[in-house]
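Heads up: the structure comes next, in structure tokens.
Each value in this text was obtained by applying a stated rule to the coordinates, not by laboratory testing. Quick caveat, the model's predicted, so the values are computed rather than measured. With ideal geometry, Cβ positions are generated from the backbone for all residues, glycine too; neighbour counts draw on all protein chains shown.
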Amino acid sequence: MKKLTIIALVSLVWACKEEKKEPSIAETMQTYTIAQMMDNEAISGGSFSPDKSKLLISSNRSGIYNMYTVPASGGDMLPVTQSDSSSVFSISYFPKDERMLFRMDNNGDEIYHIYMRETDGSHKDLTPDEGARSLFYDWATDDTSFFYASNKRDNRFMDLYEMDLETMAPTMIYQNDVGYDINVISPDEKYVALSKSINTNDSDLFLYNLETKELTKINKNQSGNSGQDFSPDGSAFYYTTDDGSEFSYLMKYKLDDGSYEKAMERDWDIVGIGFTDNGTYQVTYINEDAKNTIEVMEVATGKNIELPKIENMEVTSVAFSDDEKMMRFYAGGSHTPSNLYVYNLETKEQKQLTDVLNPEIQGQDLVKAEVIRYKSFDGVEIPAIYYKPHQASEENPVPALVWVHGGPGGQSRQNFSAFIQYLVNHGYAVLAVNNRGSSGYGKTFYQMDDLNHGDKDLKDCVEGKNWLAQQPDIDGEKIGIIGGSYGGYMTMAALTYAPGEFDVGVNLFGVTNWIRTLKSIPPWWESFKDALYKELGDPYSADSVRLKQISPLFHTDKVTKPLIVLQGSQDPRVLQVESDEIVAGVRKNGVPVEYVLFEDEGHGFVKKENQIEAYSKILEFLDVYLKKEEQGTPIKDGSL
């Protein structure tokens, strides 16, 4: 009798423990609307005012990007511009006063103009030439001018100009008749670094002497080269190269004797370096497995300073005040949008200036991505970024999407995406595939898809689908494919050339006719055109036969799975006609096709109102045709 009592007591204790078990995230998580998810604020920039009292940033809190200031000591953001049509992106405060530079195009047409905002709030277009594109480069060392490039003389080539701050009159300092890309200007304004693309990986690198007009080739072998910066004293030129290596490393070229020295090498691509204005620090960006690793080296000692630590976040970018005593930085991750901070390099104090996560969203409901790798059909290892919904389990397998980045040659990275988080929050797993041809994994991997698009790169995506189908918490019968630009092409290629593999397709402004797209690239891509032709094919040559074969537009009769297409009518890269015609072609098959067109967007959707409409339509489409929810009314063909 006593034994039975003890057993009963033990059972009672365990029962109480089980009753007190904490609920899982899947049990407590909330499901959010797209309006809630897009109300996570996106911010960028962070130029210190001359007195360091505030920073100039861009934010989309108004629905599109505008300029704001935020106190360096913390406080409310104050709007500087109130555009309700074209997005406004901050460039910088003026070096010695609180005038501001910003850039703006016309609803996504990518024809940027540089504007000045006076201290009284008035604005002036500093580059008013109609149809001309202008890009800011840097302030002059003496703070009396700034450098920018413009194609106003010849819309194919970007010339280099210097804008005098007193007269606001530009002077051309380098006429670009050959189609070079302008990299960086030396602090003494004697040299400009230029590059010339050979193919999409390799380029020749030159130094042009603005005084003697002499052009000096820097690289010795064909390789991937990019000019980065000059030493603050102007004695050396730094550039990245992958000469003799899979990954880019940093080289130092001494201007006085033409000697070379390897300055830095890491296990991944060094994608950028720069010196602070006074030369105190060298900032290095490394693309480490699809995320930024940043090193800030104190030049005098050669030692890296310790960067601030933010719990469960990564520092993703840094910049310095003119006196180099303050640093602003962003910190975030795949599971949280990036916030802006300031850091006092002398006192080591840091201050968070923004809180961009919508307060209606619980941070624990968002999903942190995981880097996975799988073998493709021929044994090549493919890296991918995996987002698994909290609600996914063996008992509750979820549908999934293979996500393909833009490019060709782009990379899916471990950055925050409100759209991906929205899909995952609603029970869709996402595998962002970095198929062969993606950047960041060595030049051999990068060049694997040259003249082979729609073949092995597509097979990599199919193998990504197969990897998903093998996961016990994924419904292998409900896997779709999604992508924008080149990723949109891959969506259409999948539905066309592998029609039995994916259950639905989501095509965001994807290429469907390579011949037309390559013939109609924007004129300012002239310097890159030949390199693009070498990777994809020359539409004016016999390559056009293969380009037609890999263009989904000419094979729409093979599409049998539901499709949704989204497009901006101002897109200068993938013309609206690409989407118009693919929709018309697939509809002839009697396949469900939805078409969402925005008159005021370009290559990608930047206005919150349009993002909300686009992404909600995509989820509605997926719920009907991939998740196959019984509730609700199916979308009617062409109703969007």
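Filtered by the rule that a residue be among the hydroxyl-bearing types (Ser, Thr, Tyr) and either loosely packed, with under 15 Cβ neighbours inside 10 Å or assigned to a loop (DSSP other than H, G, I, E, B) (or both), segment 22-77 gives Ser24, Thr28, Thr31, Tyr32, Thr33, Ser49, Ser53, Ser62, Tyr65, Ser73. Going residue by residue through segment 115-129, is there one that turns out to be under 26 Å from the mean Cα position of the chain (by Cα) and either farther than 30 Å from Thr216 by Cβ or not hydrophobic (A, V, I, L, M, F, W, C) (or both)? Within segment 115-129 (the criterion being under 26 Å from the mean Cα position of the chain (by Cα) and either farther than 30 Å from Thr216 by Cβ or not hydrophobic (A, V, I, L, M, F, W, C) (or both)), the answer is yes, since at least one residue qualifies. Restricting segment 253-277 to residues that are among the hydroxyl-bearing types (Ser, Thr, Tyr) and in a strand (DSSP E or B), the residue that is surrounded by the fewest Cβ atoms within 10 Å (Cβ to Cβ) is Tyr260. Residue pairs whose Cβ atoms lie under 6 Å apart, separated by 6 or more positions or on different chains, with the first residue in segment 314-337 and farther than 21 Å from Lys96 by Cα and the second charged (D, E, K, R) and assigned to a strand (DSSP E or B), are Gly333/Glu314. In segment 228-252, of all residues being of a type in the set (Asp, Glu) and buried (at least 18 other Cβ atoms within 10 Å of the Cβ), the one that is nearest to Tyr137 (Cα to Cα) corresponds to Asp229.
When you look at Tyr446, is it closer than 19 Å to Pro383 by Cβ, touching a residue at least 40 places away in the same chain (Cβ under 8 Å) and buried (at least 21 other Cβ atoms within 10 Å of the Cβ), yes or no? So Tyr446 passes the test. Looking at Gly302, is it over 21 Å from Asp188 (Cα atoms), out of contact with any strand residue (DSSP E or B) (no Cβ under 8 Å at 6 or more places or on another chain) and surrounded by fewer than 17 Cβ atoms within 10 Å (Cβ to Cβ)? The answer is yes for Gly302. Scan segment 78-96 residue by residue and report those that are in contact (Cβ under 8 Å) with a residue 40 or more places away in the chain and loosely packed, with under 14 Cβ neighbours inside 10 Å. Passing the criteria: Ser85, Lys96. The residues on offer are Gly437, Gly464, Gly427, and the sole one that is touching a residue at least 24 places away in the same chain (Cβ under 8 Å), outside any helix (DSSP H, G or I) and over 21 Å from the mean Cα position of the chain (by Cα) is Gly427.
Highlighted here are the strands (runs of 3 or more DSSP E) found entirely within segment 316-378 that include at least 2 residues which are of a type in the set (Gly, Ala, Ser) and under 30 Å from Met38 (Cβ atoms): 326-333. For Lys627, which of the numbered conditions (1) over 30 Å from Met448 (Cα atoms); (2) crowded, with 22+ Cβ neighbours inside 10 Å fails to hold? Against the list (1) over 30 Å from Met448 (Cα atoms); (2) crowded, with 22+ Cβ neighbours inside 10 Å, Lys627 comes up short only on (2).
For segment 261-291, the set of residues classified as over 26 Å from the mean Cα position of the chain (by Cα) and either β-branched (Val, Ile, Thr) or over 14 Å from Ser231 (Cβ atoms) (or both) consists of Lys262, Thr280, listed by residue number.
Is segment 405-422 home to any residue that is aliphatic (A, V, I, L, M), touching a residue at least 24 places away in the same chain (Cβ under 8 Å) and assigned to a helix (DSSP H, G or I)? There is at least one residue in segment 405-422 that is aliphatic (A, V, I, L, M), touching a residue at least 24 places away in the same chain (Cβ under 8 Å) and assigned to a helix (DSSP H, G or I). Of all residues in segment 161-180, those that are under 12 Å from Asn151 (Cβ atoms) have Cβ atoms under 6 Å from Cβ atoms of residues that are in a strand (DSSP E or B) and among the aliphatic types (A, V, I, L, M), 6 or more apart or on another chain, in Tyr161/Met172. Of the helices (runs of 4 or more DSSP H) lying entirely inside segment 472-566, those containing at least 1 residues that are among the β-branched types (Val, Ile, Thr), touching a residue at least 24 places away in the same chain (Cβ under 8 Å) and buried (at least 19 other Cβ atoms within 10 Å of the Cβ) span 486-497, 514-519.
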